[in-house]
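Only one structure is covered here, and it is reproduced in the block below.
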Amino acid sequence: MGFLIETVFGGLMTGMLYSLIALGFVLIFKASGVFNFAQGAMVLFAALAMARFSEWIPKWLGFDNAILANILGFLAACAVMIVVAWCIERFVLGKLVNQEGITLLMATLGITYFLEGLGQSLFGSDIYKIDVGMPKDPIFLFEKSFEGGVLVNKEDLYAALIAAVLVALLALFFQKTATGRALRAVADDHQAAQSIGIPLSRIWVIVWSVAGVVALVAGIIWGSKLGVQFSLSLVALKALPVVILGGLTSVPGAIIGGLVIGVGEKVSEVYLGPHLGGGIEIWFAYVLALGFLLIRPQGLFGEKIIDRV
Amino acid sequence: MKKIGEVILEVKNISLAFGGVKALTDISFDVREHEIRSIIGPNGAGKSSMLNCINGVYQPTQGSITFKGQTFRHMNSRQVAEMGVARTFQNLALFKGMSVLDNIMTGRNLHMKSNLLMQALRWGPAEREEIAQREKVERIIDFLEIQPYRKTPVGRLPYGLQKRVDLGRALAMEPQVLLLDEPMAGMNVEEKQDMCRFILDVNDEFGTTIVLIEHDMGVVMDISDRVVVLDYGKKIGDGAPDEVRRNEDVIRAYLGTSH
């Protein structure tokens with residue numbers, strides 16, 4: 001029993017990280033109707049910026065304080081992501097107002113390659129580490145209830161907490177503020193939004209900046225676990241089944257989708273693996289997403305799209 | 001008896017071409033404050049193109065537009081909205097996933113002063129502002145008689161009601177000039193009557209200047225002060241409904257010629 005709980009816990013933690021990346025997709029899709037292929041590249045770019053700035057800034061300013069270095073590095077990386085958002089609006093999306101979704105999708109594919117290349121040429125292409133001082137030591141929970149207790153990584157717990165706070169803030173922003181309402185309006189219809197005087201360009205800069213900061217948080221958490229390297233941008237591929245499962249337009253969907261996939265792949269790996277020959281973790285998410293596409297294409301929480309004929 | 005004021009909007013020699021296709025050729029007319037000015041014409045006459053030029057969706061290839069004394073080569077959608085022009089759409093362009101209330105609230109966007117941070121924290125002034133805006137919106141909802149659908153996602157409403165929400169969103173901007181693109185298209189007689197009543201009331205109570213596009217002659221002649229008639233992108237008539245009705249070119253355009 002203890003082992004099952006431990007597996008589920010491990011899955012929940014990985015799932016939370018998938019959720020964070022999926023959240024980036026959902027945010028941009030909700031607010032601009034663009035399926036942002038570049039989310040993975042943004043995670044990589046943001047993490048690289050964070051890793052390098054927190055290393056460079058102490059050198060430039062000549063101080064030696066890990067916390068200050070991390071804070072300044074984080075702020076610098078935020079600034080970088082806002083500049084990226086502004087550039088994307090100014091040079092790419094701003095030129096494509098009122099275009100088809102597929103055109104915008106292709107544009108984000110271009111942004112992906114551009115950001116991957118630019119990130120590595122600006123910040124280098126080695127493996128860098130981010131150390132934000134997250135505790136690495138494992139702890140044991142429920143030692144009284146089970147023999148040996150449940151082994152949980154403290155780092156994972158903190159990561160989950162950060163993700164939860166972030167999600168709560170975003171939900172508040174989207175549902176409760178006039179700007180959030182404007183964002184949803186833009187997502188539904190560019191032209192109508194323009195006609196009532198919603199500034200498209202400013203809205204897009206805001207939403208891409210928010211997605212950039214979410215990417216940064218995801219990048220920091222993943223990066224401090226695995227190191228910052230090119231493969232980080234591939235983690236985003238795991239977020240695709242998450243958004244299919246949860247629904248492209250739903251913030252809670254992204255969270256629950258991530259958790260379901262995280263737990264599902266861990267549990268099936270451990271319990272089905274021995275019978276099916278292992279490696280389930282690699283394909284589980286995609287098969288689940290495929291099943292969902294057949295049964296419920298709008299995802300668990302997505303808005304059902306009804307077209308008037 | 002309402003008082004019709006000075007010229008508020010004037011289009012001069014507007015031409016619009018898409019590649020080789022001429023959508024509009026040398027169109028000029030003016031709109032006076034507080035009047036209901038209609039643009040009519042058969043399908044494909046260029047009515048919507050004209051509206052889109054005024055609204056800044058299209059940029060005319062020639063001509064100029066003067067609004068409240070300022071002359072522009074072409075308009076910009078957002079700028080036009082800021083100057084007090086609202087519009088509705090022929091093919092509904094509502095925010096389908098959002099409730100009726102939220103849709104109309106978006107129309108208040110330009111009137112919102114508090115910044116993002118204050119809104120997020122629901123800090124005093126921002127909260128008061130949201131409530132004040134909400135009151136205005138509720139008044140519009142009452143006016144359009146859509147109270148029961150306040151929280152319904154717009155995508156689920158029947159077509160006639162969606163048209164009303166579209167009008168409501170435009171009204172929420174408290175526009176000086178309201179551009180209506182076929183507000184009665186696809187409606188049955190009863191819905192048309194309701195819509196006519198709303199248009200007349202808006203004009204009457206708020207003094208809003210209305211530019212109305214419609215191809216149903218009957219409706220237009222009843223409620224308009226002055227009418228412009230377009231055919232194949234050219235202006236073939238302009239004047240009071242009775243004058244226009246007697247115009248030979250207009251009769252020919254609508255009924256065809258006898259050979």
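Values in this text are rule-based calculations from the coordinates and carry no lab data. Small disclaimer: the values here were computed from a predicted structure and weren't measured. With ideal geometry, Cβ positions are generated from the backbone for all residues, glycine too; neighbour counts draw on all protein chains shown.
Things to note:
- Whole-number Å³ per residue for the convex hull built on Cα positions in the range A:192-272: 118 Å³
- Computed over neighbours whose Cβ is under 13 Å from that of A:G15, the net charge equals -1, Lys and Arg +1, Asp and Glu -1.
- For chain B, convex hull of alpha carbons as volume per residue, Å³: 149 Å³
- Most tightly packed first, judged by the mean number of other beta-carbon atoms within 10 Å of their residues, the peptides A:263-271, A:61-69 read A:263-271, A:61-69.
- Built amide H within the under 5 Å cut-off of B:V227, gap 5+: B:S38, B:G239, B:A240
- Charge sum, other residues only, whose C-beta stays under 14 Å from B:K192's C-beta, Lys/Arg counted +1 and Asp/Glu -1: -4
- For the range A:264-276, the Karplus equation 6.51 cos²θ - 1.76 cosθ + 1.60, evaluated at θ = phi - 60°, returns couplings of x, 6, 5, 5, 5, 4, 6, 9, 9, x, x, 8, 9 Hz by residue, with Gly and Pro reported as x.
- Average beta carbon contacts from partner chains per residue of B:80-90, 10 Å cutoff: 3
- Inter-chain neighbour count for A:178-191: the average number of beta-carbon atoms from partner chains within 10 Å of each residue's beta-carbon is 6.
- Other protein chain C-beta atoms within 10 Å of residue C-beta, averaged over B:96-106: 4.
- Rule-of-thumb Rg ratio for chain A [Cα; 2.2 N^0.38 Å; N residues]: 1.03
- Relative contact order (%) - chain B, alpha-carbon pairs under 8 angstrom, separation at least six: 27 percent
- Result for chain A in a Gaussian network model with C-alpha springs under 10 Å: among A:L27, A:L294, A:L72, the largest mean-square fluctuation is at A:L294.
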